[in-house]
Every structure is written in C-alpha cells, then in structure tokens.
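Worksheet for the structure shown next.
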Amino acid sequence: MLKIIQLAVVVPIYNEERNIEAVLVDWIHELTSLGIPFIFLAINDGSKDNTGAVLRDLETRYPGLLVAVEKKNEGHGRACRTGYSIAVERSTEWTLQIDSDGQCDPKYFASFWSSREQVDLVYGMRKTRDDGFSRVLISASCRLATSLLCGIDLKDANVPYRLIRTSVLANVLAKIPEDFDMQNVALTVALKRDPSLRWKYIPIHFRDRQGGTNSINLKRIVIMGWELLANFYRIRR
C-alpha cells in the first residue's frame, strides 16, 4: 500500500540540468522547515541533457521525498498531466505545481499553505516579474482570450504556482482530454467552471530563470494558444 502523503509537488522538467538541483533542494528545505509530509514528483519530459542523471542522484539523496519520473517528450502541459495523475493515484491531500526553472520562489508557500483550510485552490498572481515584457504579454493575452471564451475572468490562467485540493483535481481531470497540450490552462478553465469551488489568490513576484534557456519560444506559444482556442470545446463542463 502506498503511504498517504499530505502534499505532492508536481514539477514538469525539460533540459534543466543547470537549474534543477538548486531548485528542488531549495524547495525541499522550505517544506521540511514547515513540517509538511510531502513528496516531489519530478517529471522528466524526455530531457536531452543530463537532467535525468541529476534527478536520479537527488532521488538517492532524498529517499522518500523525491520520485524521478521518466517519460517521453510531449511538452510541458502533458508533463503536468502526468504529475497530476500520479498525485491523484497516491491519494495526497493537496497538489502543488511549480516550474523547474527557479521562477517560483518558495518563500511565498507558507502563505499558500496557511490558507488551505478555508479554500479549495490557492493560485499565485504574478504582480511583478523579472522574465521580460514578452512573457507578460503572453500571460495577458492568455487571460484575455480564455476569459472571453469562458465568460469568467480567469486572472493568471497559466501561472505555474498553484495549490489544489487533490480530490478537486481528481474530479476535474476527467473533464480534460489527456492529449490536450496546455493542460495547465485547461485545468484553470475547468476549475473556474465549477461555481462551488472556493478560490484564493496570493500576490507573488515571479523571478527570472535561474539559469539555462527557456525551451518554449514565442512562436511555439502562439501555436499552442491557437491550439487551445481551437480545442476549447473539448474541455467538458
């Protein structure tokens, strides 16, 4: 029988050998200091660099706290979906998603965690950020397009800093096709369609990448955005 864990941390990873050790160790120290029973689900999305070896070393150094999951490369969204599904299978109470590039600062997490008893979801709101105007524009465009389609303000729809009650996550995953590329945005859409859910937004500062190169360029994001809009109807109510 799998051990019941209070918090699963889903981290989709692609070609982050320069970042991932520092990012995960920083977060492990933060969650340990808060006394939370947790496990990291490090989803290696077919990295072509040394990321897999770094994750295997961390898995050995932090037994029971980190699981390295290898999968073929299918993109960020489907890596998120893999992690979500494992969190549900492990019957964790809460699921946290963060990115692997160091932009999600662990110092905000105590506020997320202390809010959890009153809500079902805690989302970060990127009030300030260091990753450039183009990324700000992309997030704003995503918010506008998806909010218009939903008829509801989705706020920071694609923010990677989010804490979700896992029972809620399990219910909503059934409404999102597994082959949907932008799973993180689709998840926000599906969650917002349920008026019974209790939300909280916490302002965060979004740091620049801590190293390496962003694997998603503007052209790819535009293509993914059009795919999201074209397949929006597939997210079931």
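The values are calculated or read from the model by the stated rules, or taken from the named source; none is laboratory data. What you are looking at is a predicted structure, and each value in this text was computed from that prediction instead of being measured. Positions of Cβ are backbone-derived with ideal geometry, glycine not excepted, and every protein chain shown enters the neighbour counts.
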Every pair of residues 6+ apart whose Cβ atoms lie under 9 Å, when the first sits in the range 190-202 and is of a type in the set (Phe, Trp, Tyr) while the second is surrounded by fewer than 12 Cβ atoms within 10 Å (Cβ to Cβ)
none
Glu70 is checked against (1) under 16 Å from the mean Cα position of the chain (by Cα); (2) at negative phi and fails just one. What number does that condition carry?
(1)
Scan of the range 1-45 for residues that are exposed (fewer than 15 other Cβ atoms within 10 Å of the Cβ) and either under 16 Å from the mean Cα position of the chain (by Cα) or of a type in the set (Lys, Arg) (or both), ordered by number:
Lys3
Some residue of the range 46-67 being touching a Ser or Thr at 6+ places or on another chain (Cβ under 7 Å), crowded, with 18+ Cβ neighbours inside 10 Å and at negative phi:
no
On the given criteria, is Ala79 modelled with pLDDT of 95 or more, among the small types (Gly, Ala, Ser) and surrounded by 22 or more Cβ atoms within 10 Å (Cβ to Cβ)?
yes
Show the residue pairs that are 6+ apart or on different chains and have beta-carbon atoms under 9 Å apart, the first residue being within the range 89-101 and of a type in the set (A, V, I, L, M), the second being in a loop (DSSP other than H, G, I, E, B).
Leu96/Tyr161; Ile98/Cys104; Ile98/Pro160; Ile98/Tyr161
If I filter the range 194-207 for residues that are surrounded by 15 or more Cβ atoms within 10 Å (Cβ to Cβ), out of contact with any Asp or Glu (no Cβ under 8 Å at 6 or more places or on another chain), outside any helix (DSSP H, G or I) and at pLDDT below 95, do I get at least one hit?
no
